[in-house]
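The values are calculated or read from the model by the stated rules, or taken from the named source; none is laboratory data. Just so we're clear, the structure is a prediction, and the values are computed from it rather than from any experiment. Neighbour counts are summed over all protein chains in view; Cβ atoms, including those assigned to glycine, are modelled from backbone coordinates with ideal geometry.
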Amino acid sequence: MIVELTMLALFAGQIERFAMTPTGPDFESLYDRVAESTYVVKGIALESKYIYLRIPTEEELTKLGMTLPIFRGGRLFTIAVGQTVCRQADFAPAASQTAPLANPLHIFVPDEEPITKSKWNPYILNVSEHFRQGKDSLLFLRDDPRRAELPSRYLLDPGLTYYRISEGDRGAVELPGVTGQPRDFVTPLVSAVTALCEAVKAPDVETKIRNLRAVRDHSTDAAWQKSVDAAINALQQEQAKLPQK
């Protein structure tokens, strides 16, 4: 009965999430989502495998008041990066170097994660990211805040770096095939993200702002133009903090 209620709750949440799916490209809070991402990349899912929790020792079980380990875990996805679209560092006033992104990269998604509200729009609900093997996606990567503790809890390699996706499934955008798809809203989204990212790859803040103003009319969508304005405003605020020449 508990399992049935859990599944019904999850299904209801997914219905609400899909009910809020836009009828056009998802430009909502696009600047915030891109700028929050450590990297935005295009990648293909190579492998998906289930990873179990580490079995607690007898001493740990006694401490936790458990008699049997709970066999749960999560799914580890291996992604081959084909293109780095932009870096979080690109949104800083001046160009900077960052450590190269591991390729392939690894994303670990624990079981039973709750559905969460978007940080920028409480009416949008996000479920955890998932990838289909062999499919290309646009990925809004973020550092996994629990990456240091994951190998001690799960049977994961401590030598690997683990990432998550910003806004869950919303930030793991599967790309359409060569011939596109009916109601293809992904292609203009990818085009817009690319335009935003290319604009901020300039070496200095003045050029970044000038480039952003030039791409503001890339789309007439109000949410897109609001995102470009937000990017310009953020850079102008950082520019004001710089020492005057």
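Some points to look at:
- Selection from the stretch 145-173 of residues that are assigned to a helix (DSSP H, G or I) and within 25 Å of LYS117 (Cβ to Cβ): LEU150, GLY168, ASP169, ARG170, GLY171
The rows are residues; the columns are (1) touching a Gly at 6+ places or on another chain (Cβ under 9 Å); (2) under 30 Å from ASP221 (Cβ atoms); (3) modelled with pLDDT of 75 or more.
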| site | (1), (2), (3) |
| --- | --- |
| LEU5 | no, no, no |
| GLY24 | no, yes, yes |
| TYR50 | yes, no, yes |
| GLU59 | no, no, no |
| PRO69 | no, no, no |
| GLY74 | no, no, yes |
| VAL109 | yes, no, yes |
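- Odd one out for ARG87 among (1) in contact (Cβ under 8 Å) with a residue 24 or more places away in the chain; (2) surrounded by fewer than 20 Cβ atoms within 10 Å (Cβ to Cβ); (3) more than 16 Å from ILE51 (Cα to Cα): (2)
- Residue within the stretch 197-218 that is touching a residue at least 24 places away in the same chain (Cβ under 8 Å) and of a type in the set (Lys, Arg) present: yes
- For the stretch 177-189, the count of residues that are part of a helix (DSSP H, G or I), touching a strand residue (DSSP E or B) at 6+ places or on another chain (Cβ under 9 Å) and surrounded by 12 or more Cβ atoms within 10 Å (Cβ to Cβ) is nonzero.
- Considering residues of the stretch 158-189 that are at pLDDT 90 or above and in contact with a helix residue (DSSP H, G or I) (Cβ under 7 Å, 6 or more places away or on another chain) only, the residue farthest from ILE55 (Cα to Cα): LEU175
- Among the residues making up the stretch 191-222, those that are aliphatic (A, V, I, L, M) and buried (at least 17 other Cβ atoms within 10 Å of the Cβ) are ALA192, VAL193, ALA195, LEU196, ALA199, VAL200, ALA202, VAL205, ILE209, LEU212, VAL215.
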